[in-house]
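Everything below concerns the one structure shown next.
Please treat every number below as a calculation from the coordinates, not as lab data. What you see is a predicted model, and the numbers here were worked out from it, not measured in a lab. When we count neighbours, we look across all protein chains shown, and the Cβ atoms used for this are built from the backbone with ideal geometry, even at glycine.
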Amino acid sequence: MTTTQSFNMVLFGGTGDLVMRKLLPALYQAHRSGSLGPGRILCLGRRDFSQDDYHGQVSAKAREFLPKADWSDATWAEFANRIHYVRIDAENADDYPALKEAVNAESAEVTVYYLSTSPSLFTGICQNLAAQGMNGDNVRVVLEKPLGHDLQSSNDINQSVGKYFQERQIYRIDHYLGKESVQNLMALRFGNALFDPLWRREWISDVQITIAEEVGIEKRGGFYDHTGALRDMVQNHLLQMLCFVAMEPPFNLDSDAIRDEKLKVLRALVPYTNEDVLTKTVRGQYKAGASRGQPVVGYLQEEGVPADSTTETFVALRCEIANWRWAGVPFFLRTGKRMADRLAEIVINFRDVPHQIFPAPGGISSPNKLVIRLQPEEHMKLYFLAKAPGDNMRLQQVHLDLDFAASFSIRRAEAYERLLLDTIRGNLSLFVRQDELEQAWKWVEPIMNVWAQDGSSPKPYTAGTWGPAASSALLSRDGLSWHEEA
Ligand code: BG6
């Protein structure tokens, strides 16, 4: 969908990784496909760059991160005309009058301030913007995750940002919501009559959601060691995916209608007792191993990580949702760095038939399952049993396969592209509301607390594997196992 509004996109953290690797390439793609309306991009940074130097840097980076086929020197040159570098110390209020002049909010219908900085700067930046009257009605502010370190710090940020911007002006990014397949879950569930009758405890035995990464912490040791997988991936991406799987149908597609339903799921998540944390959660940390056939170091040997760190790089959880639809159905969440493969998927395992008249097909635990793969490729597979050809009644598992790339010939936008366009259009449905964020922190906090207090260390796993053995044990207690592609 094309944006028609004229805009100023102001990127704080303009020399940082996110702007270079994700945001500018995403805006370039939107420009290239003609979906970006008229507007300017102001990139802010503390360093003294000439426009030419800055342009040289961003174009080199963008070229590195964009698919080769999407690069065109001429289109980039045209796009680069929109980019202006502005030197500013975001913490210094005296620099804001000049910024105000550079932005000139009246020159466009919408001004978006994207805070791609450390969250410790959010409050100061918002205060400085407000002090110059740069928080008017046509202004939106985008907050990158992580939003806080725990419930208290997240509430502090929300409260202080809330002093200067109204909730409808605040766009909290969780880039997983910009992924096509996450939105496709809504289409699948609420656009078809087929699934909803089965989408409940009577027919579903368990749900598994995995985000596995092959990469390690990629020179982000300083950040990652204070964060860990629970805060980096579970509190946001995994819980948001769980919400889309478990929510009730919203009454329409308005952002608050959707977010109200997600909030109900978060509220219905059964809180962990201390005992639950010990028995229903697994944390791991990778040790040296191999990735794509190459030896890789362990977490403790990564740059910027203390040799005695107990930060987790892997988490697996068993949780439940206490409502009529889901009571008693285990939801298993799993994420990790340096795993055997890069993969994000949702697996819905359906219950077995009440009485089996066929000889049991060996090795198949759930004959019916729906696998929604988000990455690396996007597809959906529905597994069921069929008779194998032959003179006996031998059943075999087969699947229906929907390959999104093959079904739709149009280009699929990257998550950040969709979300950046939404900030200009003023569509909040794929952004996290303050009460959702608060509820997600409330739910993960007991896990953080028990892990911090119990004196134990994360379980080691070899880099390039699927995590510690305890992760499989978490499911085998329910007679289940993690889905593996047949
Ligand atoms: C980010 C995390 O939010 O998501 C990173 O901070 C992680 O640690 C990334 O690598 C994964 O995103 P994607 O889209 O590559 O799966």
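Among 107-119, 236-248, how do they line up by average Cβ neighbours within 10 Å per residue, starting with the highest?
Per-residue Cβ counts within 10 Å, averaged per peptide and sorted highest first, yield 236-248, 107-119.
With +1 on each Lys and Arg Cβ and -1 on each Asp and Glu Cβ, how big is the dipole of the chain about its Cα centre, in debye rounded to the nearest 20?
Dipole about the Cα centre, nearest 20: 820 debye.
Per-residue HN-Hα couplings for the stretch 399-413, Karplus 6.51 cos²θ - 1.76 cosθ + 1.60 at θ = phi - 60°, whole Hz, x for Gly and Pro?
9, 8, 10, 10, 9, 4, 4, 6, 6, 10, 7, 6, 4, 9, 6
Quick one, could you list the DSSP H helices from the chain stretching 27 Å or more along their long axis (Cα atoms) with average Kyte-Doolittle hydropathy of 0.0 or above?
TM-like helix candidates: nothing returned.
What is the packing order of peptides 51-58, 147-154, taking the mean over residues of other C-beta atoms within 10 Å and listing the highest first?
Details: 51-58: 15.4, 147-154: 17.5.
The most tightly packed comes first, giving 147-154, 51-58.
Straight distance only, please: which lysines reach the Cα of Lys442 with their own Cα at less than 16 Å, same-chain residues fewer than 8 apart left out?
Lys262, Lys264
Just report the Cα centroid separation between the stretch 259-281 and the stretch 375-412, whole Å.
33
Once you've got the Cα coordinates, tell me which of Lys179/Lys369; Lys219/Lys337; Lys145/Lys179; Lys145/Lys280; Lys280/Lys459; Lys22/Lys145 are over 18 Å apart.
Exceeds cut-off: Lys179/Lys369; Lys145/Lys280.
Please give the Cα centre distance for the stretch 56-82 versus the stretch 134-181, rounded to the nearest Å.
29
Label points 7 Å out from Cα along the Cβ direction at Ser456 and Ala470: separation in nm?
It is 0.4 nm.
Mind ordering 457-466, 433-442 by average Cβ neighbours within 10 Å, highest first?
Going by the mean number of other Cβ atoms within 10 Å, highest first, we get 433-442, 457-466.
For the chain, report the translational diffusion coefficient in µm²/s to the nearest whole number, using Stokes-Einstein at 4 °C, 1.567 mPa s, and a Kirkwood Rh over Cα pairs.
For the chosen part, D equals 54 µm²/s.
Could you calculate, for the stretch 180-327, the ratio of the Cα radius of gyration to the Kirkwood radius, expressed as Rg to Rh?
1.04
Give, as ranges by residue number, the residues of the stretch 13-29 whose backbone N falls under 18 Å from the point 7 Å along Cα→Cβ of Arg411.
Correct set: 21-29.
Provide the descending list of Cα extents for the stretch 397-481 along its principal axes, expressed in whole angstroms.
49, 43, 26 Å, listed from the longest principal axis down.
Under the rule of -39500 (n - 2.57) per DSSP H run of 4 or more residues, summed and divided by the residues of the chain, what mean residue ellipticity at 222 nm is obtained, to the nearest 500 deg cm²/dmol?
Helix-only estimate at 222 nm: -9000 deg cm²/dmol.
Which value, in nm² and rounded to one decimal, describes the direction-averaged projected area of the C-alpha convex hull of the stretch 136-236?
Taking the Cα atoms of the stretch 136-236, their convex hull projects to 10.2 nm² on average.
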